[in-house]
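First comes the structure, then the notes that go with it.
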Amino acid sequence: MKIIVIGATGTIGRAVVKSLAPDNEVVKVASRHGDFRVDIASIASIRKLFQDVGSFDAVVCAAGVAKFGSLDDLSDEDYTLGLTNKLMGQVNLVRLGRSYVNDKGSFTLTSGVLSQHPIPGSSSLSMVNASIEGFVRAAALEMQRGIRLNAVSPVWVKETMEAMGMGSSSGMPADQVALAYKESVAGDRSGIILDVRQFG
Ligand SMILES: NC(=O)c1ccc[n+]([C@@H]2O[C@H](COP(=O)([O-])OP(=O)(O)OC[C@H]3O[C@@H](n4cnc5c(N)ncnc54)[C@H](OP(=O)(O)O)[C@@H]3O)[C@@H](O)[C@H]2O)c1
């Protein structure tokens, strides 16, 4: 399969590339490095990516930012960041990518544990992650030509916690998180939110 991995240089994306690369042609995409570059917050940039890459069998998106912060601290701009980047960035990958994906291809987006298990400060991230999951469940119903659409919901990744100087004993190694992405791409389910805790 020809698989486009967006966010390929990131903590999760690197592990996804590692798990998919032995058996597939992986096109590595990120905002600053990689085989191709994209800014998922820009429709024009997404359109150019698909034009440049051409047809493909799967897109995995392990990119997208939203701001963590309290209700008192988050500004309009902070909320808008999550909406335009992590939410609509991934929604637009599906909307525009549908014209380029091969029959029986797939899209795998990324939400996160905060959609179901919020904590103080996660209002923007929880809102965005839950919206991604709602989009996936509904839009999957309208996919044609056997095209599938899922999201993976990661928990805190061990390497991320280490990089942030947090205790990482409760974190999940990125290689284990990647198993859920592999299942989404290689399996036959659609409209599903894959909880990484069910893998590995
Ligand atoms: N890590 C965790 O603990 C965790 C937990 C739950 C959910 N998640 C979610 O998983 C996703 C990936 O997280 P991560 O920790 O792997 O992130 P990361 O290490 O910060 O990597 C982000 C990746 O996305 C790329 N990127 C950044 N902005 C972009 C843009 N505007 N357009 C296209 N690509 C862009 C980066 O490219 P460059 O390197 O070129 O900038 C990089 O490859 C995020 O949506 C995050 O919310 C992560």
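The values are calculated or read from the model by the stated rules, or taken from the named source; none is laboratory data. Because the structure is predicted, anything quoted here is derived from the model rather than measured. Cβ placement follows ideal geometry from the backbone for every residue including glycine, while neighbour counts extend to all protein chains displayed.
Observations, loosely collected:
- The set of residues in the stretch 174-197 that are touching a helix residue (DSSP H, G or I) at 6+ places or on another chain (Cβ under 8 Å), without any contact (Cβ under 8 Å) to a residue 40 or more places away in the chain and among the small types (Gly, Ala, Ser) contains only 180.
- Tally, over the stretch 112-125, of residues that are hydroxyl-bearing (Ser, Thr, Tyr) and in a loop (DSSP other than H, G, I, E, B): 1
- Tallying residues that are part of a loop (DSSP other than H, G, I, E, B) and closer than 25 Å to residue 18 by Cβ within the stretch 135-164 yields 4.
- Criterion (in a helix (DSSP H, G or I) and either within 12 Å of the ligand (Cβ to nearest atom) or hydroxyl-bearing (Ser, Thr, Tyr) (or both)) met by exactly one of 128, 60, 65: 128
- Residue match in the stretch 36-45 (condition: within 14 Å of the ligand (Cβ to nearest atom), of a type in the set (A, V, I, L, M, F, W, C) and within 20 Å of residue 153 (Cβ to Cβ)): yes
- Note on the stretch 1-20: among residues that are small (Gly, Ala, Ser) and assigned to a helix (DSSP H, G or I), the one that is farthest from the ligand (Cβ to nearest atom) is 19.
- Residue 112 vs. criteria crowded, with 18+ Cβ neighbours inside 10 Å and touching a residue at least 40 places away in the same chain (Cβ under 8 Å): yes
For (1) buried (at least 16 other Cβ atoms within 10 Å of the Cβ); (2) touching a residue at least 12 places away in the same chain (Cβ under 8 Å); (3) farther than 20 Å from residue 106 by Cα; (4) touching a Lys or Arg at 6+ places or on another chain (Cβ under 9 Å), each residue gets a yes or a no:
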site: 8; (1), (2), (3), (4): yes, yes, no, yes
site: 13; (1), (2), (3), (4): yes, yes, no, yes
site: 17; (1), (2), (3), (4): yes, yes, no, yes
site: 25; (1), (2), (3), (4): no, yes, no, yes
site: 29; (1), (2), (3), (4): yes, yes, no, yes
site: 32; (1), (2), (3), (4): no, yes, yes, no
site: 36; (1), (2), (3), (4): yes, yes, no, yes
site: 40; (1), (2), (3), (4): yes, yes, no, yes
site: 44; (1), (2), (3), (4): no, no, yes, no
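- Residue within the stretch 97-108 that is within 14 Å of the ligand (Cβ to nearest atom) and touching a Ser or Thr at 6+ places or on another chain (Cβ under 9 Å) present: yes
- The combined condition, being touching an Asp or Glu at 6+ places or on another chain (Cβ under 7 Å) and polar (S, T, N, Q), is fulfilled by residue 102.
- Residue 87 being at pLDDT 95 or above, in a helix (DSSP H, G or I) and either among the aliphatic types (A, V, I, L, M) or surrounded by 20 or more Cβ atoms within 10 Å (Cβ to Cβ) (or both): yes
- Hits in the stretch 165-193 (condition: among the acidic types (Asp, Glu), more than 15 Å from the chain's Cα centre (by Cα) and part of a helix (DSSP H, G or I)): 175
- Picking from residues in the stretch 46-80 that are touching a Leu at 6+ places or on another chain (Cβ under 8 Å) and more than 18 Å from residue 107 (Cβ to Cβ), the one that is surrounded by the most Cβ atoms within 10 Å (Cβ to Cβ) is 66.
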